[in-house]
Amino acid sequence: MIKDLINPTQFNVLVSKLGDILVKALDKPLGYAINWGRIWSLWPVHLETACCSVEFGAASGPRYDVERFGIIEAFGSLRQCDLIVVQGTVTRKMAPRLRMVYDQMPEPKYVIAMGACAITGGLYVDSYNVLPGIDGIIPVDVYVPGCPPRPETLIQGTMLLQEKIKVSKIR
Amino acid sequence: MADLEDRISESQKMGMQIVKESDDDRLMTLSVGPQHPGSGHFRFIVKLDGDYIVHCDPDPGYVHRGEEKMTEYRNFIQNIPHLERPVIHDSTNITYSYSLAVEELTGIEVPRRGQFIRAIASELNRQVYTLYWLAIYGIFLGHSTMFMWPTGDRELFIDLLEALTGARVTHAFNIPGGVRNDVPNGFKDRCLRQITYYEKRLKEYEDIFYNNPLVRQRTEGVGILTKEDAISLGVTGSVLRASGVPYDIRKAEPYDVYNEIDFKVQYMKTADSFARAYVPFLDMRESCHILRQLLDKMPEAGEVRAKLQANPRGPPGEAYRRVESGRGALGYYIISDGTPKPYRVKISVGSFRNMLALPHLLVGAKMGDMPVIYWALNYWPVEADR
Amino acid sequence: MSSKNDQKDNSNNDYIIINNHSKTSTTETSATHSPPDSRQLRDIVPKSSSPPSPPPVKTAGPSTTTLRTKDSEPPAFEKGIAGEISANFGQMVQIIFIKPLRIKIAVEPPNIVKVATFLRDNLGFDHAESVAGTDYPKDNQIEVIYHLGSYLRDDLAGHVLSIATRTNRDDARLPTLINVYKSVEYHERETFEMLGVYFEGHPRNERFLLPEDWADIPPLRKEFRIKGR
Amino acid sequence: MATVPEEFRFGNFLASIIWVVLIVIVVLTLVILPLTFIVLFYVPLPPVNGEVLTPYLFLSMVVDPTRTLPIVKYLIHTTPFKVIVFPGFVFAAIIAAATIFVERKFLAKMQLRVGPLYAGVWGVGEGILQLAADGLKVISKEILIPSGADKPIFWAAPIAFVATAAAVVALIPVAPGWVVSNTNVGLVAVFAILGFFPLIALLFSWASNSKYPFIGGLRALHQMIAFEIPFILSALSVVILAGSLNLTDIAKSQHPFWFILFLPISAFVFFISSLAELERVPFDLPEAESEIVAGWLTETSGMIYGLIQLGSYLKVYALSALFVILFLGGWSGPQIFPHQLGPPDAIPLVKVLTLQGLYNGVTVNAIFWFLVKTIGIIMLMLLPRGISPRIRIDILLHTGWYKLIVLAFVNMFVALALIYAGILGPGGSLSIH
């Protein structure tokens, strides 16, 4: 078998084996470290879509303090952010803007749909100007139900997102 | 008038000069919002000449959810939950005037204890709203502590309201005919304790924020809205009172038990952004005073709501009732055609009325004054869009 | 109230906080109306008026007396204001109802600017609170109501005068009040958008709240049905 | 030539491992070892401890613990080490990062919060690894370049920013002799290098091809130029008193009395100006979120943002250290460490572990006091964030041009008076030379 591998026709197999071993040795710890960094440093975009933003603001207040999880709210530019928390109803006027914000963000990016309106349209499902859920325009990672969700629920949603990031492959 | 003109800051005067001289090829158009840390759920397009704003065009509607259309498909009681969503942190006040208008239409009478509980919930919610507003004003000025402190103290009022109504922010507490449930045991003492603590905190707010020389420098003499302009633009609430018009719906048209309460209408004559920021603060203090009286005068026992039929309806007619919310007069104009569903509901909100002052005030101001002027207008975009 | 007296010390000396209570309370007592409660503000519109609309302008009775119900006499102060209006304009203005703190009048579209100017200049209704448009498909009309209030006159502080006008539904056009009341600018723009009423003379009959690509009929018209209903 | 995936067999797995080991050994013997020896033999080697550092000596020193110390001692005095590790880049970055973390916790406590809490090792440590997490994330983030951006400048500006900040750090002495570049024009060089920052900000904001960064860049330019003059003037009075531009000499010349005693106004002006230079609250106008999104950092993403943040942390350290050197007596302080650290006749292993002979008590004491003062000043610079709002641009320019310059002149006259009265300065009655 060694003789098989050492001839020039099989050389790429040898290289690929080497590569496999290297990837196995490096990928796991490196991926773990980077995912760990991403878990504890989720910066949300400052995009308010509707009334859930009040509870989102309360979540960064002294009682709930999402900075414990490394989440810094009121971040300036979306170019440095990793997370969109869609705070409630997305109207037809806001929908293109939401998609534009999502497109402008750098990878990796995550989306939390906060509130019943962002999930299904909620109370406003029969309104003429409201989208029935945002999953038609951007991919959603975590749904946080409630109308509005309490800040604890939002924090729980963030922890679910952290679990998801932990098991995901780095890109 | 003359003394007000003296108060206009040098930069503002220079700005007005620049506005006159600007022509199109010098201007830079900026779209502020909807993804902008200083705009909220709102967009306004400003044109800059250097650092001066020479043109401003508000573009609301990002949260327009068609509340007025939706009311026509629900009956009077079903309408309450979605009608309080526009101002989720002032939800008692926005359903207050709705309840008053429906009561007028259907002829329901509210028991006296119910009226008191309504007023208490309304004043507590006014504190919650104004604290949130103050928190955002703090962060707009770059004062992060002023964001955290009111947000923290707001939770205490939310706790009180949670004990009272069962929900954190969306109470659905005011219904036509009274309130949903009675106050819990020991509520009065808890409330009084909270007010005593809170009045101490208000002094600290004043020390760290309103008496801060940098806050004074940034807000005083910025965005002067004269009394004449304020009246002709039809602004309301704290913006109007900051311009020297002592107008408060609680005084002008006392609803429920407010004619039994002794309170002052807080207003200032300086008409600048500082006055507009300080009047809500004075309102909070006065509201503490009102709360004490309400708790004191509340009857010990009694019904809290009238008996309601399943689908309350009244004779055909119309009603226009207003309350003083955190953002000023909040009116509901309801036309009923005799069916359980309203024929037409028009919500006349303070935010929508105050929005008219925004282009008026921003023109001639500096870009750095934009958040100062904008948020001092006591403007909540979700409510304005309805 | 004594605990509140220290406010002056805390605030800057430039800012004067005046106890307004005494001022307004005297006006309240001197005014001819009592402080209202919900009972007094009850509906006084007669049951006979045909639903869904209050009586249209054309068919409304010429005098206000027919609109009154038996139990409550309209307060004298409001009656005085209504009398002043009808004395000036006569048949041009229909008085729909007079309730405590609420007066509703109806005028024809060509006269509305004149009436509004009179209300502003002579009666002291200095601002418009809201503009509400209502669609009446049965009458093929759209009613636009301006709710006027007064900030400066203390005795009018709680009063709301509604001035209603009607236009044809198919070609909805009304003169704008923007030259009389500056504050109606956005309200009229919203009414244009929501009901399709074109305000002649308004500088911006444009899209305001709805999305830019809105291609449906104005949503507050009655034939616009929201989905699933 | 596609490869067919084989079935997994343990024998194959073992064989592949053996193959890898074999190839590594072959490569090592055939390529790496010869290369190493060529370098060791043909590159002239410096003498260590009186002997020329030959490969054999090097190997023997590595084997013998007692003989390792001279090598280490030699290494830490080489310029690359100084630039990269100790008084230079890594040291400054660690100090700044640690202080930023403490500041975040402190600010949180001030605002009745807890601040970063869970980003620690196995749940302990109150989130001390928060900045590490932020750094890891920022490194692994995608870098977006706006269309129409001037790409070379867009890439070069952040690197230039860090390099410039590191250049300032290189001029700062932390203890006698511990400085990367001990020039006689140290202070002038610091100001010259600081003058690059507005240029970089403006270049970057222009290269972003976006409106908010452009406004931010212009603001940064106005602000930094307005505060450059009081900044230099306030340092000038120190130069008058010390009679030297060399930072080490300046620190030494305030041995009995710190200059802040004679020049409080200058110190104040210097402090305010350095706040403005650093774009910290209340002078964070170029990055004011509520007005102009993120100012000139609006289009930065990923590591570009990370580099600029790193650069600004380095700047925080450099300017606080400069304040300490100019006004707070540098590293002077009571000797609290013994001159001889550790027992002199310990066994070799202990000697190596305690790095004995590499430093003396005086140096450690100097570094200790320097660090204490610097960290205190950094905290003082970061604290206004909790109590102060942002200032407006015209007030800021007014402050810079009208007030601070006058104040700086006032204290310069005081300094001149002290010199002419013969109280301070070279040969003054209060100075020890």
Inside region C:187-222, the number of residues satisfying the requirement of being in contact (Cβ under 8 Å) with a residue 40 or more places away in the chain and charged (D, E, K, R) is 4
query: Within region B:189-205, can one find any residue that is facing another protein chain (nearest Cβ under 9 Å), part of a helix (DSSP H, G or I), surrounded by 20 or more Cβ atoms within 10 Å (Cβ to Cβ) and not aliphatic (A, V, I, L, M)?
result: no
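Hey, could you check region B:234-277 for residues that are over 22 Å from B:L356 (Cβ atoms) and outside any loop (DSSP other than H, G, I, E, B) and say which is nearest to the chain's Cα centre (by Cα)? If you could, list the steps in order and put the result at the bottom.
Taking region B:234-277 first, the residues over 22 Å from B:L356 (Cβ atoms) are B:250-251, B:253-266.
Adding the requirement that they be outside any loop (DSSP other than H, G, I, E, B) leaves B:250-251, B:258-260.
On the way: B:R250: 14, B:K251: 16, B:Y258: 18, B:N259: 21, B:E260: 23 Å.
Ranking the qualifying residues of region B:234-277, first place goes to B:R250.
Just need a number here: residues in region A:32-51 that are among the hydrophobic types (A, V, I, L, M, F, W, C) and more than 12 Å from the chain's Cα centre (by Cα). It would help to see each step written out before you state the result.
Going residue by residue through region A:32-51, those that are among the hydrophobic types (A, V, I, L, M, F, W, C) are A:33-34, A:36, A:39-40, A:42-43, A:45, A:47, A:50-51.
Next, from what is left, pick out any that are more than 12 Å from the chain's Cα centre (by Cα): A:33-34, A:36, A:40, A:47, A:50-51.
Qualifying residue count, region A:32-51: 7.
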Given (1) of a type in the set (S, T, N, Q); (2) out of contact with any Ser or Thr (no Cβ under 9 Å at 6 or more places or on another chain); (3) closer than 22 Å to D:I272 by Cβ, D:T248 misses just (3)
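If I ask for residues that are of a type in the set (A, V, I, L, M, F, W, C), at the interface with chain C (Cβ under 7 Å from one of its Cβ atoms) and surrounded by 24 or more Cβ atoms within 10 Å (Cβ to Cβ), which ones from region B:241-261 would you list?
Our first condition is that a residue be of a type in the set (A, V, I, L, M, F, W, C); within region B:241-261, this holds for B:242, B:245, B:249, B:252, B:257, B:261.
Subset that is at the interface with chain C (Cβ under 7 Å from one of its Cβ atoms): B:245, B:252.
Once the filter is applied, which keeps residues that are of a type in the set (A, V, I, L, M, F, W, C), at the interface with chain C (Cβ under 7 Å from one of its Cβ atoms) and surrounded by 24 or more Cβ atoms within 10 Å (Cβ to Cβ), region B:241-261 yields only B:A252.
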In region D:135-148, anything part of a loop (DSSP other than H, G, I, E, B) and surrounded by fewer than 19 Cβ atoms within 10 Å (Cβ to Cβ) is listed as D:E142, D:I143, D:L144, D:I145, D:P146, D:S147, D:G148
Expected output for region B:135-160 (first residue free of Cβ contacts under 8 Å to residues at least 24 places away in the same chain and more than 10 Å from chain D (Cβ to nearest Cβ), partner part of a helix (DSSP H, G or I) and of a type in the set (S, T, Y), Cβ below 6 Å, 6+ apart or cross-chain) is B:A135/B:T151
Looking across region B:124-142 at residues that are in contact with an Asp or Glu (Cβ under 9 Å, 6 or more places away or on another chain) and either of a type in the set (D, E, K, R) or assigned to a loop (DSSP other than H, G, I, E, B) (or both), the single one that is farthest from B:G326 (Cα to Cα) is B:G142
Counting only residues in region D:101-131 that are under 23 Å from the mean Cα position of the chain (by Cα), part of a helix (DSSP H, G or I) and more than 7 Å from chain A (Cβ to nearest Cβ), the one nearest to A:W36 (Cα to Cα) is identified as D:L131
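Go through D:E6, D:E51 for me and flag whichever is modelled with pLDDT under 70 and over 30 Å from D:G177 (Cα atoms).
Values: D:E51 fails: over 30 Å from D:G177 (Cα atoms).
Matching residue, one of D:E6, D:E51: D:E6.
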Being assigned to a helix (DSSP H, G or I), of a type in the set (V, I, T) and surrounded by fewer than 24 Cβ atoms within 10 Å (Cβ to Cβ) narrows A:I34, A:I72 down to just A:I34
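Taking the stated definitions as given, is C:T117 hydroxyl-bearing (S, T, Y) and more than 9 Å from chain B (Cβ to nearest Cβ)?
In short, yes.
Restricting to region B:67-107, name every residue that is in contact (Cβ under 8 Å) with a residue 12 or more places away in the chain, part of a loop (DSSP other than H, G, I, E, B) and surrounded by fewer than 23 Cβ atoms within 10 Å (Cβ to Cβ).
Step one: list which residues in region B:67-107 are in contact (Cβ under 8 Å) with a residue 12 or more places away in the chain, which gives B:67-68, B:70-77, B:79-107.
Subsequent filtering for residues that are part of a loop (DSSP other than H, G, I, E, B) retains B:72-77, B:84-87, B:107.
Those that are in contact (Cβ under 8 Å) with a residue 12 or more places away in the chain, part of a loop (DSSP other than H, G, I, E, B) and surrounded by fewer than 23 Cβ atoms within 10 Å (Cβ to Cβ): B:E72, B:Y73, B:R74, B:N75, B:I77, B:G107.
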By residue number, the members of region D:256-291 that are in a loop (DSSP other than H, G, I, E, B) and within 29 Å of D:L416 (Cβ to Cβ) are D:P256, D:F257, D:W258, D:L263
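Go through region A:88-119 and count every residue that is closer than 19 Å to A:L42 by Cα and either under 14 Å from the mean Cα position of the chain (by Cα) or surrounded by fewer than 22 Cβ atoms within 10 Å (Cβ to Cβ) (or both). Don't jump to the end; show me each part of the working.
Here is the first cut: in region A:88-119, the ones closer than 19 Å to A:L42 by Cα are A:98, A:101-114.
Of the ones still in play, those that are also either under 14 Å from the mean Cα position of the chain (by Cα) or surrounded by fewer than 22 Cβ atoms within 10 Å (Cβ to Cβ) (or both) are A:101-114.
Within region A:88-119, residues that are closer than 19 Å to A:L42 by Cα and either under 14 Å from the mean Cα position of the chain (by Cα) or surrounded by fewer than 22 Cβ atoms within 10 Å (Cβ to Cβ) (or both) number 14.
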When region C:122-138 is checked residue by residue, the ones that are over 14 Å from the mean Cα position of the chain (by Cα) and either crowded, with 22+ Cβ neighbours inside 10 Å or modelled with pLDDT of 85 or more (or both) are C:D135, C:Y136, C:P137, C:K138
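With over 21 Å from B:G50 (Cβ atoms), within 20 Å of the chain's Cα centre (by Cα) and surrounded by fewer than 20 Cβ atoms within 10 Å (Cβ to Cβ) as the only criterion, which of D:V185, D:V168 stands out? If you could, list the steps in order and put the result at the bottom.
Values: D:V168 fails: surrounded by fewer than 20 Cβ atoms within 10 Å (Cβ to Cβ).
Matching residue, one of D:V185, D:V168: D:V185.
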Q: Tell me, please, whether a residue that is touching a strand residue (DSSP E or B) at 6+ places or on another chain (Cβ under 8 Å), touching a residue at least 40 places away in the same chain (Cβ under 8 Å) and buried (at least 20 other Cβ atoms within 10 Å of the Cβ) can be found in region D:324-331.
A: yes
key: D:A98 vs. criteria assigned to a helix (DSSP H, G or I), more than 9 Å from chain A (Cβ to nearest Cβ), crowded, with 18+ Cβ neighbours inside 10 Å and within 23 Å of the chain's Cα centre (by Cα)   = no
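Within region D:173-181, does at least one residue satisfy the condition of being closer than 16 Å to D:A96 by Cβ, in contact with a Gly (Cβ under 7 Å, 6 or more places away or on another chain) and either more than 14 Å from chain A (Cβ to nearest Cβ) or buried (at least 19 other Cβ atoms within 10 Å of the Cβ) (or both)? Talk me through it step by step, then tell me what you get.
Residues of region D:173-181 closer than 16 Å to D:A96 by Cβ: D:174.
With the extra rule that they be in contact with a Gly (Cβ under 7 Å, 6 or more places away or on another chain), the set shrinks to none.
No, there is no match, as no residue in region D:173-181 is closer than 16 Å to D:A96 by Cβ, in contact with a Gly (Cβ under 7 Å, 6 or more places away or on another chain) and either more than 14 Å from chain A (Cβ to nearest Cβ) or buried (at least 19 other Cβ atoms within 10 Å of the Cβ) (or both).
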Turns out the strands (runs of 3 or more DSSP E) fully within region C:126-229 with at least 1 residues that are facing chain B (nearest Cβ under 10 Å) and among the β-branched types (V, I, T) are C:127-136, C:141-149, C:160-168
- Item | Some residue of region B:164-186 being within 14 Å of chain D (Cβ to nearest Cβ) and in a helix (DSSP H, G or I) | no
Discussion item. Any residue that is hydroxyl-bearing (S, T, Y), over 25 Å from C:T191 (Cα atoms) and in contact with a Lys or Arg (Cβ under 8 Å, 6 or more places away or on another chain) - is there at least one of those in region B:59-66?
Written reply: no
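Going by the conditions given, is A:A118 touching a helix residue (DSSP H, G or I) at 6+ places or on another chain (Cβ under 6 Å) and either over 25 Å from D:G295 (Cα atoms) or at the interface with another protein chain (Cβ under 8 Å from one of its Cβ atoms) (or both)? Spell out the reasoning first.
Numbers: touching a helix residue (DSSP H, G or I) at 6+ places or on another chain (Cβ under 6 Å): no; either over 25 Å from D:G295 (Cα atoms) or at the interface with another protein chain (Cβ under 8 Å from one of its Cβ atoms) (or both): yes.
No, not satisfied.
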Of the residues in region A:123-138, those that are in contact (Cβ under 8 Å) with a residue 24 or more places away in the chain, more than 8 Å from chain B (Cβ to nearest Cβ) and surrounded by fewer than 24 Cβ atoms within 10 Å (Cβ to Cβ) number 3
Here the residues within region A:45-74 that are more than 8 Å from every other protein chain (Cβ to nearest Cβ) and aromatic (F, W, Y) are A:F56, A:Y64
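The values are calculated or read from the model by the stated rules, or taken from the named source; none is laboratory data. From a predicted model like this one, the values you see are computed outputs, not experimental measurements. Glycine gets a Cβ as well: all are built from the backbone with ideal geometry, and neighbour counts include every protein chain shown.
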